[in-house]
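Colleague: There's a structure below that I have some questions on.
Every read-out reported here was derived from the displayed coordinates using simple, explicitly stated rules and does not represent laboratory data. Keep in mind it's a predicted model, so treat the numbers as computed, not measured. As a convention, Cβ positions derive from the backbone with ideal geometry for all residues, glycine included, and neighbour counts pool all protein chains shown.
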Amino acid sequence: MTRRALRRFYATDPVSLARRLLGQRLVRVLPDGTRLSGVIVETEAYLGRRDKAAHSYGGRRTARVEPMYGSPGTSYVYFTYGMHHCFNVVCGREGEPVAVLIRALEPREGLEQMRARRKGMRRERDLCSGPARLCEALGIDRRLNAVDLVRDDRLFIELARARPMESRRVANTARIGVGYAGPWARRRLRWLVRGHPCVSVGR
């Protein structure tokens with residue numbers, strides 16, 4: 001039986017968690033009990049105060065960024081470009097503002113509901129192939145910011161695999177869309193399932 005990820009799963013550094021999350025299942029339960037879910041196929045690690053691409057770079061601590069300082073297993077959902085939501089998993093230790101961005105899923109449950117939310121998009125590979133797309137498909141917005149993924153029944157991660165995915169199946173690249181971060185834009189902090197059709201870039 002698939003089990004829910006507990007606090008200790010998240011209480012690790014963002015590089016390890018970004019790698020470990022591949023192949024696990026992100027679950028969103030709607031108010032009517034409908035489950036929407038997908039297997040995580042692409043992630044990015046954000047290394048906190050020293051990482052120029054992280055929202056918490058330099059120790060920034062605004063109302064927007066505050067969830068990054070929470071307990072490992074806290075959600076960090078932010079709104080960007082005035083139109084998109086992105087979902088992150090806080091990790092490390094409480095007070096250490098590090099997180100992993102979930103970039104893409106392979107849809108598994110609730111595909112018709114996802115298609116309706118994605119305005120009729122039919123191709124399964126496109127439903128959750130990007131951080132904004134997956135949030136739209138699963139109905140993840142700021143109402144799910146700063147929730148406890150260990151205890152909340154609306155949003156959580158299930159452990160579909162007991163061990164990290166085999167290295168031969170995983171590719172590691174620079175992150176997407178962080179050109180402003182100087183040398184940090186070139187750091188290989190993005191992980192994806194090699195050749196998977198649902199990843200956002202570099203299929």
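Colleague: Which is among the basic types (Lys, Arg) and surrounded by 19 or more Cβ atoms within 10 Å (Cβ to Cβ), of ARG103, ARG169, ARG194, ARG163? Don't jump to the end; show me each part of the working.
Modeller: On the way: ARG169 fails: surrounded by 19 or more Cβ atoms within 10 Å (Cβ to Cβ); ARG194 fails: surrounded by 19 or more Cβ atoms within 10 Å (Cβ to Cβ); ARG163 fails: surrounded by 19 or more Cβ atoms within 10 Å (Cβ to Cβ).
When all the criteria are applied, what remains is ARG103.
Colleague: So which pairs qualify, if the first residue must be in the stretch 157-182 and on the phi > 0 side of the Ramachandran plot, the second must be surrounded by 15 or more Cβ atoms within 10 Å (Cβ to Cβ), the Cβ gap must be under 6 Å, and the two must be at least 6 apart or on different chains?
Modeller: Note: pairs meeting the criteria are GLY182/LYS52.
Colleague: Just to verify a result, which residue in the stretch 30-50, among those that are part of a loop (DSSP other than H, G, I, E, B) and in contact (Cβ under 8 Å) with a residue 40 or more places away in the chain, is farthest from ALA137 (Cα to Cα)?
Modeller: So the first thing to find is which residues in the stretch 30-50 are part of a loop (DSSP other than H, G, I, E, B), and the list is 30-34, 47.
From what is left, the residues that are in contact (Cβ under 8 Å) with a residue 40 or more places away in the chain are 30, 34, 47.
Values: LEU30: 12, THR34: 13, LEU47: 27 Å.
Out of the qualifying residues, it is LEU47.
Colleague: Regarding ARG7, is this residue within 28 Å of HIS196 (Cα to Cα) and surrounded by fewer than 21 Cβ atoms within 10 Å (Cβ to Cβ)?
Modeller: no
Colleague: On to the next question. Give me the strands (runs of 3 or more DSSP E) completely within the stretch 119-203, filtered to those with at least 3 residues that are under 14 Å from the mean Cα position of the chain (by Cα), ordered by residue number.
Modeller: Working: elements: 155-159, 170-173, 190-193.
Qualifying strands (runs of 3 or more DSSP E): 155-159, 190-193.
Colleague: Then there is this: I'd like to check something: does the stretch 57-70 contain any residue that is closer than 29 Å to GLU124 by Cβ, free of Cβ contacts under 8 Å to residues at least 12 places away in the same chain, outside any strand (DSSP E or B) and of a type in the set (Gly, Ala, Ser)?
Modeller: Going residue by residue through the stretch 57-70, those that are closer than 29 Å to GLU124 by Cβ are none.
No, the stretch 57-70 contains no residue that is closer than 29 Å to GLU124 by Cβ, free of Cβ contacts under 8 Å to residues at least 12 places away in the same chain, outside any strand (DSSP E or B) and of a type in the set (Gly, Ala, Ser).
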